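What follows is one structure encoded as structure tokens, with my remarks underneath.
The values are calculated or read from the model by the stated rules, or taken from the named source; none is laboratory data. Treat the numbers as computed from the prediction; the structure is a model and nothing was measured. Backbone-built Cβ (ideal geometry, glycine too); neighbour counts: all protein chains shown. Remember, those area values only see protein heavy atoms, side chains included, never the ligands or the DNA or RNA. Shrake-Rupley method; radii C 1.70, N 1.55, O 1.52, S 1.80 Å.
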Amino acid sequence: MDKLTTIELFKIFLPLIIIQLALMTFCLLKLSKDNVKYFPKWIWVLIIVFGELLGPIAYLLLGRERE
């Protein structure tokens, strides 16, 4: 079995990285405008930034107040 080079690995993970950065940016922009529940906004920022893909998803499902 051939070993994958760094460039090949980068090509494999690039779509996931782009999706993660886009989702993180979207959630941080939403967070600046939305009212939140369960935690203060600064904690949601930490969850979104350091939570990989699950942090932004958790914010979208649980963190926003519904009007």
**Study point:** Percent carbon-and-sulfur accessible area, the chain, ignoring ligands, DNA and RNA, probe 1.4 Å
**Key:** 71 percent
Review point. Could you give the accessible area per residue of the chain, probe 1.4 Å, as a whole number in Å²?
Key: 81 Å²
Study note, to complete from the structure: Note to self: C-alpha centroids of the range 11-29 and the range 50-67 sit apart, in Å, by 15 Å
Check your understanding: Which FRET efficiency value, to the nearest 0.05, is calculated for Leu29 and Thr5 with the Förster distance at 35 angstrom and r the Cβ-Cβ distance?
Key -> 0.45
Point to revise | Selected from Gly63, Leu53, Ile7, residue furthest toward positive end of dipole (the chain; charges at beta carbon) | key: Gly63
Check your understanding: Which of the chymotrypsin sites (Phe, Trp or Tyr not before Pro) found in the range 1-46 are in a DSSP loop and have at most 16 neighbouring Cβ atoms, other than their own, within 10 Å?
Key -> Tyr38
Practice item. Would you please name the trypsin sites (Lys or Arg not before Pro) within the chain that are DSSP coil residues with at most 12 other C-beta atoms within 10 Å of their C-beta? Key: Lys3, Lys37, Arg66
Check your understanding: For the range 11-67, what is the largest minus smallest coordinate of the Cα atoms on each principal axis, given in angstrom and ordered from greatest to least?
Key -> 40, 18, 16
Check your understanding: Whole-Hz Karplus ³J(HN,Hα) for the range 45-53, in order, using 6.51 cos²θ - 1.76 cosθ + 1.60 and θ = phi - 60°, x for Gly and Pro?
Key -> 4, 5, 5, 5, 6, 9, x, 6, 7
Check your understanding: Roughly how big is the chain's charge dipole about its Cα centre, with Cβ charges of +1 (Lys, Arg) and -1 (Asp, Glu), in debye to the nearest 20?
Key -> 200 debye
